[in-house]
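First up is the structure itself, then whatever we jot down about it.
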Amino acid sequence: MPRDSRTITAADILSLSDYEQIRKEKKEEAIARKKLTRLAIGPYATALFETWDSMWLQIQEMLRIEKGGEEQLKDELAAYDPMVPKGGELTMTLLFEIDDEVRRDAFLRSIGGIEDHIALSVGGIEVRAQAEADVERTRASDGKASSVHFLHFDLPPEAVAAWKSGEGQAMVLIDHPNYGHAALIGPDARAYLARECL
């Protein structure tokens, strides 16, 4: 199974015509997967735990939309393969969503540096998030945070064991002074992510 390699290569990507034949099924799988991997953290943050399958689908969809061929494929692999969990790690896309543009802008300006205030706690072990280093997540010029963050949680062996045991609580914590919230990760999500990522 390709996902067992914990990386996505060009060989894993289907042609646009082949992908079109299975797209409906893959989109339905994604909807079912999001029931296990999507988590609301407070009123404005949504966490999406990523897997090989979610990143593969993202690449296929980007190629379908933009039709950029081989050159685009290189860029998409470079962008999304790093977010495939490599074993002993969980990865997450964290989104801040506010419909009103003025309120959203004011909110994002109030949470600068939030990427340094995110952690995963499992069985009493806290693991701080590490932001994907591809772009600046808080603008140096005005302290405005991005509305999208790509995060890695490198779990030490004891945290992996605690996660897989299903015992104790697992949660995502945000401890920014202007946005302090936590959300529990349910047992079904823990079991799914243990199988797919750890």
### Query
If you scan the range 115-126, which residues turn out to be of a type outside the set (Asp, Glu) and surrounded by fewer than 20 Cβ atoms within 10 Å (Cβ to Cβ)?
His117, Ala119, Ser121, Gly123, Gly124, Ile125
#### Entry: Pick from the range 1-26, criterion under 17 Å from the mean Cα position of the chain (by Cα) and not in a helix (DSSP H, G or I), ranking: nearest to Glu70 (Cα to Cα)
Ile8
### Top-ranked residue of the range 40-49 - restricted to ones that are surrounded by fewer than 21 Cβ atoms within 10 Å (Cβ to Cβ) and within 15 Å of the chain's Cα centre (by Cα), ranked as nearest to Ser146 (Cα to Cα)
Thr46
### Members of the range 9-44 found to be under 16 Å from Met92 (Cα atoms) and basic (Lys, Arg), listed by number
Arg33, Lys34, Lys35, Arg38
### Task
Being in contact with a Ser or Thr (Cβ under 6 Å, 6 or more places away or on another chain) and basic (Lys, Arg) narrows it down to one of Arg137, Arg109, Arg128, so name that one.
Arg137
### Residue match in the range 151-164 (condition: assigned to a helix (DSSP H, G or I) and of a type in the set (Lys, Arg))
yes
### Query
What residue, among those in the range 50-104 that are of a type outside the set (A, V, I, L, M, F, W, C), touching a Lys or Arg at 6+ places or on another chain (Cβ under 9 Å) and under 12 Å from Ile13 (Cβ atoms), is surrounded by the most Cβ atoms within 10 Å (Cβ to Cβ)?
Gln60
### Query
All but one of (1) part of a helix (DSSP H, G or I); (2) more than 16 Å from the chain's Cα centre (by Cα); (3) of a type outside the set (S, T, N, Q); (4) closer than 17 Å to Ala40 by Cβ hold for Ala182; which doesn't?
(1)
### Query
Is one or more of the residues making up the range 169-178 modelled with pLDDT under 95 and either in contact with a Cys (Cβ under 6 Å, 6 or more places away or on another chain) or aliphatic (A, V, I, L, M) (or both)?
no
### Task
Take the range 45-58 and flag every residue that is within 14 Å of Val172 (Cα to Cα) and in contact (Cβ under 8 Å) with a residue 60 or more places away in the chain.
Ala45, Ala47, Phe49
### Test for Val102: is it under 25 Å from Tyr192 (Cα atoms), of a type in the set (A, V, I, L, M) and more than 16 Å from the chain's Cα centre (by Cα)
no
### Message
Looking at the range 125-145 only, could you name the residues that are among the aliphatic types (A, V, I, L, M), at pLDDT 75 or above and assigned to a loop (DSSP other than H, G, I, E, B)?
### Response
Ala129
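The values are calculated or read from the model by the stated rules, or taken from the named source; none is laboratory data. Every value quoted in this text rests on a predicted model; they were computed, and no experiment measured them. Cβ sites come from the backbone with ideal geometry, for glycine too, and all protein chains shown count toward neighbours.
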